[in-house]
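Participant: Dropping a structure here in structure tokens format, bear with me for questions.
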Amino acid sequence: MNQPASLPLVASLLDAPLPASGIAWLDEARRENRAAFAVGGLPGARVEAWKYTALRGLGQRRFAAGDAGAATRDVDAAEFALPGVGGPQLVFVNGVFRADLSALEALPDGLSLQPLAQALRDDAEPLRFALSRPALVGHVREGGDAFVQVNAASAADGVVLKVAAHATIAVPVQLVFVGTAAESELAWHARNLIELGEGASLALVEHHVGHGEQAQLATLVGDVELHEGAQLHYTVLQNTATGAHLIRRSGLRLHARAQMRLHVLELGGALVRHDLQAELVGDGAQLHTRGVFMPHGRQHVDTQLAIRHQALNTTSTSTWRGVANDRARGVFRGAILVAPGADGSDASLTNKNLLLSPSAEIDTKPELEIYADEVQAAHGATVGQLDERSLFYLRSRGIPLAEARALLTAAFCRAVLDDVPNEALREHLSALLSAQLPD
């Protein structure tokens with residue numbers, strides 16, 4: 001089932017030196033995760049979660065560990081500037097923190113934002129629980145957790161973000177991960193820890209950016225924990241380089257009456273996978289996710305969304321759209337589980353997809369499991385082409401065919417962005433979607 005350690009990718013990841021922190025429990029956790037990866041290797045086709053994302057091509061690549069020149073590599077801040085987002089930010093270039101590109105001066109009251117490496121140097125003990133295990137949600141090791149193990153073993157830096165109880169952070173916070181050309185093909189890793197205290201409020205933007213065709217492998221593992229009554233609006237914009245391989249695992253945990261809105265836009269990369277696992281563990285918790293993935297060329301974009309309702313009267317709504325062109329492939333799995341005792345839960349998930357080319361492919365897999373009473377739940381998925389009647393209507397008004405197709409496709413995608421509260425950011429995301437559409 002698993003790939004042998006003789007694969008070039010596995011060998012290069014195992015050959016990379018482990019980060020030495022001098023913290024006994026952290027160094028031991030890194031060694032344990034490296035050993036687990038050495039035994040398990042890469043997930044194969046028999047691992048259900050990776051059934052539609054083959055790693056044969058990636059497995060033949062080798063990646064060097066780290067970028068010695070990242071600290072001084074020339075990066076234009078305009079590459080990651082976003083309208084409506086001008087507050088505190090942390091910037092990493094090829095996985096290396098760049099203080100000169102970051103904005104950490106005069107942080108708002110109640111906000112703590114620092115690189116993980118600095119947090120470990122200052123006081124590592126509060127991070128022990130999170131870093132001693134691979135991920136907040138779904139942390140039991142499975143065959144498909146190879147890249148989580150790689151990240152837990154190799155990530156020397158990342159983000160530690162905390163919002164104090166009852167603090168309202170008025171300005172958006174931005175986390176930027178830049179991939180840029182280096183002397184060799186690189187593997188880099190980041191670990192993010194995000195926590196909102198009771199009644200806290202925050203708007204957060206995570207931005208992956210890159211240019212050109214440089215081949216990199218990046219893994220990103222993040223924990224997001226919202227305590228009672230906390231509110232988070234989280235926007236993820238992934239527009240990395242066309243040769244990049246980006247594999248992420250996000251664990252979301254919502255306590256009583258916590259509310260989270262998540263918007264995801266997947267545009268770039270060669271092979272991109274985002275594993276989103278959410279737990280609603282407190283009564284009245286609410287999670288609303290919206291996402292668009294738009295692969296073209298020979299891109300492969302895989303989104304795995306799993307939401308677990310574990311408490312009374314919890315709510316989740318998920319609306320995801322996919323558009324594939326050329327020979328691209330999209331994968332979406334949307335799974336909802338209502339656990340025993342989670343009575344009164346309300347869950348809905350829809351995934352609609354468009355194929356703009358006869359060679360494009362989208363595989364969608366909705367799942368629904370209910371083990372509680374008095375539950376409202378619905379899920380559905382479709383894969384098809386643009387509606388011919390709508391095309392005919394636009395063409396009868398004198399609109400050329402190509403423009404009519406672009407208008408309908410853009411409207412199909414933009415529906416998931418309508419409730420982004422930051423108007424300037426919403427318009428920018430819409431413009432990026434339009435730019436991605438085929439001519």
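Participant: Can D346 be described as surrounded by 15 or more Cβ atoms within 10 Å (Cβ to Cβ), among the acidic types (D, E), farther than 18 Å from H296 by Cα and more than 21 Å from the chain's Cα centre (by Cα)? Write out each step before concluding.
Facilitator: On the way: surrounded by 15 or more Cβ atoms within 10 Å (Cβ to Cβ): yes; among the acidic types (D, E): yes; farther than 18 Å from H296 by Cα: yes; more than 21 Å from the chain's Cα centre (by Cα): yes.
Yes, satisfied.
Participant: I would also like to ask the following. What are the residues in the stretch 112-141 that are open to solvent by 20 Å² or more (accessible area, probe 1.4 Å), at pLDDT 95 or above and farther than 19 Å from G22 by Cα, if any?
Facilitator: Scanning the stretch 112-141 gives S112, Q114.
Participant: Pairs please, first residue from the stretch 20-39 and of a type in the set (A, V, I, L, M, F, W, C), second anywhere and outside any helix (DSSP H, G or I), Cβ atoms under 8 Å, 6+ apart in sequence or on different chains.
Facilitator: Filtered contacts from the stretch 20-39: I23/A124; W25/S132; L26/A124; L26/S132; A29/S132; A29/R133; A36/R141; A38/A5.
Participant: Further, regarding this structure: In the stretch 78-96, what residues are open to solvent by 50 Å² or more (accessible area, probe 1.4 Å) and in contact (Cβ under 8 Å) with a residue 24 or more places away in the chain?
Facilitator: Across the stretch 78-96, the qualifying residues are E79, P83, G86.
Participant: Quick check on this structure: which one of A402, A339, A360, A435 is open to solvent by 40 Å² or more (accessible area, probe 1.4 Å) and over 30 Å from V85 (Cα atoms)?
Facilitator: Working: A339 fails: open to solvent by 40 Å² or more (accessible area, probe 1.4 Å); A360 fails: open to solvent by 40 Å² or more (accessible area, probe 1.4 Å); A435 fails: over 30 Å from V85 (Cα atoms).
That would be A402, the only listed residue that is open to solvent by 40 Å² or more (accessible area, probe 1.4 Å) and over 30 Å from V85 (Cα atoms).
Participant: Given (1) within 25 Å of G269 (Cα to Cα); (2) at pLDDT 95 or above, identify the lone condition not met by A342.
Facilitator: If we test A342 against (1) within 25 Å of G269 (Cα to Cα); (2) at pLDDT 95 or above, just (1) comes out false.
Participant: For the stretch 237-295: of the residues being among the β-branched types (V, I, T) and part of a strand (DSSP E or B), which is surrounded by the fewest Cβ atoms within 10 Å (Cβ to Cβ)?
Facilitator: Quick first cut of the stretch 237-295, residues among the β-branched types (V, I, T) only: 240, 242, 247, 264, 272, 281, 289, 292.
Next, only the ones that are part of a strand (DSSP E or B) stay: 247, 264, 272, 289, 292.
Details: I247: 25, V264: 22, V272: 26, T289: 24, V292: 24.
Restricting to residues being among the β-branched types (V, I, T) and part of a strand (DSSP E or B), the top hit is V264.
Participant: In addition: Hey, can you tell me all the residues within the stretch 311-328 that are surrounded by fewer than 21 Cβ atoms within 10 Å (Cβ to Cβ) and either free of Cβ contacts under 8 Å to residues at least 24 places away in the same chain or over 18 Å from the mean Cα position of the chain (by Cα) (or both)?
Facilitator: Matches in the stretch 311-328: L312, N313, T315, N325, D326, R327.
Participant: Inside the stretch 343-359, can you point out the residues that are in contact (Cβ under 8 Å) with a residue 40 or more places away in the chain and touching a Lys or Arg at 6+ places or on another chain (Cβ under 9 Å)?
Facilitator: K352, L354, L356
Participant: To continue, here is another question. Every residue in the stretch 209-236 that is touching a residue at least 60 places away in the same chain (Cβ under 8 Å), open to solvent by 30 Å² or more (accessible area, probe 1.4 Å) and closer than 22 Å to R298 by Cβ, please.
Facilitator: The answer is H211, and nothing else.
The values are calculated or read from the model by the stated rules, or taken from the named source; none is laboratory data. Values in this document were obtained by computation on a predicted structure and should not be read as measured data. No Cβ is skipped: glycine too gets one built from the backbone with ideal geometry, and neighbour counts run over all protein chains shown. All accessible areas refer to the heavy atoms of the entire protein, side chains included, with ligands and DNA or RNA removed. Shrake-Rupley method; radii C 1.70, N 1.55, O 1.52, S 1.80 Å.
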